[in-house]
Structures are given as C-alpha cells and as structure tokens.
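What follows draws every value from the coordinates through simple rules; no lab data is involved. Remember, it's a predicted structure, so these values are computed and weren't measured experimentally. Cβ coordinates were reconstructed from backbone atoms using ideal geometry, including for glycine residues, and neighbour counts include every protein chain displayed.
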Amino acid sequence: MRERVVIKWGGGLITDKTTLCTPKLDVIEALATSVRRCLDNDLDVILVHGAGSYGHLRAKHWRLNEGRVDADFTPDDQCQSQADAVACVREEMLALNDHVCSALQQQGVPTVIHPPHHWAEGVGAEFEGDLARFNVRAGTVAVTFGDVVPVAGDAEFGILSGDDLVYRLATEVPYVERLVFAIGGVDGLLRCPPERATEDDLIEEWSPSIAFEGTHQSEIDVTGGIGLKAARGAQAAAKGVEVLMVNGGHADRVFDACMGREVRGTRVVS
C-alpha cells in the first residue's frame, strides 16, 4: 500500500474570516496543485479543511458550540432559531467544500466527500464515527471538514473541529505517515504574537513544554485556534506520526512537508 498524509487546510487560510462566506480561491487553487503533486509522487492524501468565514461567524452568533441553549438571539434574514442556524452552517460548509473539491477536480483529482454530520456524533477528540470510510483506493482523496454534528443528551448538537478530525484520522487510518497543518499568515508556531514576530521567532521544533503565542480570534472562532492544533499535533506525534505546521500561503512548502522533506515550519513532537 502507498503511504498516506493527512493535510489540514486552516479555515483562516482558505477564507477571509472577516467577511461571511468569502473564499480565497487563489489559495485553494494553489493548494489543490500541491495535492495533485502528492498523488503524482505516490503519496495518497486525506484532506480536512476548516470553516473560516463559512462557519465560525454564524456559529459564534448562535452559540452552536455550546449546544442547545435557552437565550434571546437576534434573528437574521436566514436564521430565526438555533435549529435554522445548524442547517445554515451545514449548508455553508458544503458550499465551501464545493470550492475545495472543484479546485481538486480541476487538477484531475478524484474526491469522495464525507460531511461529518452524516457519520460522526459528539465533539472533541473522542467523537464517535466509523473512520474506515477514509480508507479509500489509491489516487482518490477523501475530504471532510469541521462541522455541526449531533451530540447525545440535552446538548443535541455541537461543533466538531477539523483539528479533532485530523488527530483521529492520522492515528487510526492505515498507512498514514505524517500530518501537515497548512496554516494562514505565519510560518509555524511563534515565540511572540505574529504582529511582533521576526523570522527568528519561529519555533522550529515544538513540544507541549515550550511556550508559544498565537492569535486566537475569540470573537469569531468557536474552536480552539492554534492551541488546539498544537495539542492535537502533539498527541498524534506521541503515537508515531510525523507532524508539521507550515505556511499554507506557500503551496510548495505544503507539498515538501507532505513528502517529508526539510521545510521552513514547525515540527511538533510529543
């Protein structure tokens, strides 16, 4: 069997997080090229993408990450209730996924899409769902994304982060050798906030004992931001998976990281 890589395209990388449902099509197209190159080099790909402005803004307003809550919400043209918001966010994620898969298909990459609300239940790293569906034939890319999923009990629903998905996929699907986080705007984990960082502030090898600072847009983000990526990456590394974080704005770096080559970024260890 061919080796596999799990790639996470961050939501802030492939969308403009400040404007509702705004994709960065040029970035998506460049990243799709890097996936094509992986396949051409006998490396299979499982792709997970974030939500960015397709999920976080509406999910934040309707507090979907908290599950069912009794609160006075301000309705909008599309949503009158949390139930409407759940349906709307799911539709938005499918729309973003369509941009992703269209770019892949333009590169001649066959895809199979697995929306989490169809097969997963629960949130966090211990979510339930059959990951065997991602063990697809060579040359086909299985694609999934962060989503609003069913949750048992009174909560009824919640946000399953793409970072939780990649951890489970990287450690449970056969033949996965490495996990690559393609993140937006920075080269990896930094010792100080991005707006103050220089090239010397990149942490080239990170473990949970090392402090770092990143930008977490808590007014928008309904998941754990860069901190969750680092935590899940360390957990995957502890199970023998090679984990790298690279600047997704450089598609060549993403490809090199997927191939296991030396590249500017952060190697995550346990």
Less than 11 Å Cβ to Cβ from residue 122, Lys/Arg counted +1 and Asp/Glu -1: what total charge do the surrounding residues give?
-4
Running a GNM on the chain with Cα contacts under 10 Å, which residue among 53, 209, 34 ends up with the highest mean-square fluctuation?
209
For helix 225-238, report the angle its Cα long axis makes with the longest principal axis of the Cα atoms of the chain; keep it between 0 and 90° and round to the nearest 10°.
50 degrees
Just subtract the alpha-carbon distance of residue 196 and residue 1 from 0.36 nm times their residue separation and send over the number in nm, one decimal.
65.7 nm
Cα-derived Rg to Rh of region 4-268, Kirkwood definition:
0.95
List the trypsin sites (Lys or Arg not before Pro) within region 115-219 that DSSP assigns to loop and that have no more than 11 neighbouring Cβ atoms inside 10 Å.
137, 196
For region 17-151, rounded, prolate or oblate, judged on the Cα gyration tensor with a ≥ b ≥ c (square roots of eigenvalues), a/c < 1.5 rounded, else prolate if a/b > b/c?
oblate
Most fluctuating residue of 206, 119, 62 in a GNM of the chain with Cα springs under 10 Å: which is it?
119
Please check: in the Gaussian network model of the chain (C-alpha springs, under 10 Å), which one of 106, 82, 235 has the largest mean-square fluctuation.
106
Nearest-20 debye value, region 4-268 charge dipole, Cβ charges on Lys, Arg, Asp, Glu
600 debye
At most 13 other C-beta atoms within 10 Å and a DSSP loop state: those are the exposed GluC sites (Glu not before Pro) I care about. Give me the longest piece of the chain that has none.
1-125
With Cα coordinates, the longest principal axis of the chain makes an angle with the long axis of helix 162-172, in degrees rounded to 10, of 50 degrees
To the nearest 10 degrees, the tilt of helix 25-40 (Cα long axis) against the first principal axis of the alpha carbons of the chain is 50 degrees
